1. Determine, for each peptide in 711-717, 616-622, the mean count of other beta carbons within 10 angstrom over its residues, then list the peptides with the highest first.
2. Spelling out what I want: for every residue of the stretch 307-323, take phi, set θ = phi - 60°, compute 6.51 cos²θ - 1.76 cosθ + 1.60 (Karplus), and round to whole Hz; glycine and proline get x.
3. Using only Cα atoms, locate the centre of the stretch 721-738 and the centre of the stretch 634-698, then give the distance between them in Å, rounded to an integer.
4. Below 8 Å between Cα atoms, with a sequence gap of 6+, how large is the relative contact order for the stretch 1034-1082 in percent?
5. Suppose all protein chains stay in the model; what accessible area per residue would a 1.4 Å probe give for the stretch 639-798, in Å²?
6. What percent does the relative contact order of the stretch 513-667 come to when contacts are Cα pairs within less than 8 Å and at least six residues apart?
7. Let me make sure I get this right: for the stretch 926-1005, a, b and c are the square roots of the gyration tensor eigenvalues over alpha carbons, sorted descending. Under 1.5 in a/c it's rounded, otherwise prolate if a/b > b/c, else oblate. Which is it?
8. Over 19 Å between Cα atoms, which of 484/984; 805/1043; 491/1102; 866/993; 331/1059 qualify?
Amino acid sequence: MEPQGIARGAPAHAPKDGPGKAAVPQKNAYARLVQKHHSGRFRSYLNHIAQKLQLEDGALNDSGLDPEAAAKGGLVREALSRNGVQAPGCLPAGVLQLGPENLSEGKDLSIAGKRREPGPGRGEEDEVVEDEDPAPNWRGDAAVSSGARQVRASRGTAPRPDFSPHKTPDFEERDREEPWKSSREGHATAGKAESFASPGQFSSDLPANARKGSHLSPSQTQGGDRRGLARTRNNSESARAAPHVDRRRQLSESQADTMNSSDCRVALRQLGTPRGGPYATCSTPGDRKNRNKTARGRKKVFEAYMSKEEVSAGLKRKQLIQGSLRINPKKYHEAFIPSPDGIRDIFIDGVVSRNRALNGDIVVVKLLPKDQWKVIKPEGGDNEAEAAQGSDAPRNSLGASVPSNPAKGDADSPDVIIEAHVDGDNEDPEHRQETSSEAKDLGQLSSGAGEKGRDPETCGGRHARGEDSPKANDPDQFLQKTGKVVYILEKKHSRAAMGSLRLLTDRNSELFKKCAMFSPVDHRVPRAYVSLADCPPDFASRPEDYSSTLFICRIVDWREDSNFAIGQLAQSLGQAGEIEPETEGILTEYGVDFLDFSPEVLQCLPQSLPWVIPPEELAKRRDLREECIFTIDPSSARDLDDALSCKLLPDGNFEVGVHIADVSYFVLEGTALDKIASKRATSVYLVQKVIPMLPRLLCEELCSLNPMADRLTFSVIWKLTPEGKILDEWFGRTTICSCAKLSYDHAQSMIENPEKELTAEELPPVSPRHSINEVRQAVLSLHLIAKQLRKQRFVDGALRLDQLKLSFTLDKESGMPQSCYVYQYQESNKLVEEFMLLANMAVAHQIYRSFPAQALLRRHPPPLTKMLNDLSEFCSQMGLEIDFSSAGALHKSLSETFGTGKYAEARKAVLTNMFSRPMQMAVYFCTGELEDEALFCHYALNVPLYTHFTSPIRRFPDILVHRLLSASLGAGPALRMKSDEIQKQADHCNDRKMASKRVQELSADLFFAIFVKEHGPLESEAMVMGVLNEAFDVLVLKFGVQKRIYCNALPLVGFHFQKLGKKPQLSLMWEPESPEQDAVQQDIAIFTLVEVVLRSDSVPLKYSAVLKRPSGMEGGAS
């Protein structure tokens, strides 16, 4: 492969398309410019040139002008021909070319090229433009190729289109109809006024609930005196391109609503279609005209939804496909639903094709014809590859589809099942930690052949460029099915968003007097018109006072004929960048109920306090209050729902017990308390607080297994050999009295110093019924058994993927982060984990035996095949011998491939991050709703049956499992729910668990961004995870965050991308400190260790990585 990415002499802050780029031959540059640039105005320009050439042809023939001019004309004809515009010499005699009369008649005469897709109600203001390499359409055509950029770098060598002079009325008309200018026009057309609605129409069209009086009293609007900057939610990825690149373009909202696809387009199309879904297909102008007109005569932006009957029939005939919509958080025009074949997701290209569906919605999709499917070039050319999982929306729990979730610093990736703990208290035996908001494409990382400025997160299915690809002979291997949304089955998205307000651009329009524009932080949510009556009273006169104020807006409508939704302001949150306003906004966006519990719910709790266990209840249970039972939890935990016991038996075996809070005793089926718990489904763990699933009286007192307090529990007790072999098993309702509340650190101290006699001062209070030594000996015995259980699990084929998790210490008064660190997973964590896993597996078998059609279990599907194959190919290219044949084989490879030492641990962290990407998410399901028992299995744990039993205080599925277990033992009534109702509840719990996970990650992002601002700059070693043409990704080892560093933002003399064999490498040539010195070369390849500094940006909650120079030189920004 030829070297790419030379940028000699580029100053540290030169624009990417500046004169530092190497020139290419004039003909190629111009041809690529014409071929790639498909904006609406450029198409008009080509039409104009086609007519002009016809006139010049005659002049050339008559006067015999110089051959250079003739050559130029031939070049232009060739370029026009490539774009579907037939210039003179290309058209048969008598065929009319693209003149003004054709345009005025509204005929379908545009070039079959890229159509700029409007954002989700954003206009061009919020359209993110890759200045170095615009996002390609799904034929892979970039708006401007690298050759075109090089043409601009050497203006004298090739003509550059200029749209300003010679503007005809047809051009002006097109400007009004298509305000979406080409990706190279970076400024607003703020002066034009095409209203969203006719005067007076906006208020009359608003739904009643959107026309209410102001919800924002002056006391509600906070922080109006400070100004701020808009920013995206993605805190850890502060810039996808160099900071000096202007990434936003302006457009009047009143104009943007008239940008419905122009009627002037050619019915010619290459393989694949432009972004825009329903308008990308060929149709007659009459059909287009009829289809695009509403009853009021306004053009449609979106297709009308199919009827329920049509949808039902289409699904039955398998003509339509149902799935959960996942929108790429970094490229919001890209969305996906899982494909029924489970191989490669179905691509939904553009906001129009998405048809007003939001992230997480359950949608019905109609496939486009095969000639419109997305082409994925295997050799990494200009075509954009399949985007990876990029969203936080859960998928259907019964299909091959699964949720995608992001990790810290990013928006969304496929869920990864590992066995560490989660939800802030490290008690869940399945630790689901994802890597990035989008799962980065593994082939992209291996090839390094991503387009300039393109994210590997959004490029999937790319392989290293090579001539020997075994898949090259299969053309379907490089096609991805595409479709369009035709119906929304269920609106899973909350339709609430956090964002900012501003006045409309066109002050002369009637709309300006009636509404404002709400711009959400999350670009996947559309911008919305909101009534000025809902805004703060002085907003219209002093909008600058609210530039940094966060608001919550709820979308109440989104019509077929509008790019923008209609919203209703719910409340003012406060200043952007502050902890509590940001936290409340996050909770609201993800539908987390953080309101106080209603009086009706609280009436379900015991009313006479202090509460004591009734004697009749004690008589029904096995009394274990005299046993040595204790809890091991994080030191800050308040909801203690599991305890352990271990007693040496005379025969040398052990009696080991897992005791779980009996929450189902208090939460009775069908009560108001049960309903709110089932709705919340999970507690939500933020950095600074917990949003509980149950009232705190239950969470922290009556159900919490606090020391020296009698508590109701459900217990699983085994007779175990010292090697962990189960000799006997017992389930039942019990009563316990915990003798001590140990932290993980207390237990770890005992494990690390087994001979040390601990004093009372070194431990929390211990019940006088039991000695400190008795507790210590029980912990040590549990540790020895847990090690045997763990060893056997991995021998039997389990998989563990430990990823870096960030923890914080907070100032007790201010609540601000004082320090942050990567959480250390210790032997004491593993001890608790093993017995929680054992209890969950034992209960799963018990309830499935008793209720084969009602059991609520948890399954983990195998990894996604395509992504796993990409990962396998990547490892082969990197010379890593990794066995992907099974979970156990993968775990063994991870354990044996790396040795010890800092570098080995860092490589393992990077690979663990990569290996998590193909993993799917574990989901709850009802056994009666899934026929194939082979699908019940749990891939990561490598067990046939698994469930959640051990955390009923914070997970509603555990309460259902408790009820099933009680009924199976004859200790409680049978579950009244039918299998389909259980499945519906399981689906809801999957959704809420995913939302909880995302909120937890965003909370960590928020606090880390604030920590960088307050305590930065922060230095750390980082390891390179991926190498692209002009950028590379690093994992910051000290903090576990991922950042992208761009070559164009560094003070380099030049840089050079190449392949060493199949391994990508960037060579950076740093500017010398003095003219006498030579440039310093630094080679960047995957697994290279580098030094970085994290620094806060001027934008709230943004921070950047700064690569430090080698040899102690100063660094440049990223």
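The values are calculated or read from the model by the stated rules, or taken from the named source; none is laboratory data. The structure presented is a predicted model; accordingly, all values stated were derived computationally and were not measured. Because the Cβ atoms are built from the backbone with ideal geometry, glycine has one as well, and the counts that use them run over all protein chains shown. To get the accessible areas, we keep the full protein, side chains included, count just its heavy atoms, and leave off ligands, DNA and RNA. Shrake-Rupley method; radii C 1.70, N 1.55, O 1.52, S 1.80 Å.
1. So the peptides 711-717, 616-622, ranked by packing, come out 711-717, 616-622.
2. Going residue by residue, I get 6, 4, 5, 5, 5, 4, 5, x, 5, 5, 7, 6, 8, 10, 10, 9, x Hz, with x marking Gly and Pro.
3. Centre-to-centre distance over Cα atoms comes out at 18 Å.
4. Computed over the stretch 1034-1082, the figure is 24 percent.
5. 39
6. Averaging sequence separation for qualifying contacts and normalising by length gives 12 percent for the stretch 513-667.
7. prolate
8. Violating the 19 Å limit, Cα to Cα: 484/984; 491/1102; 866/993; 331/1059.
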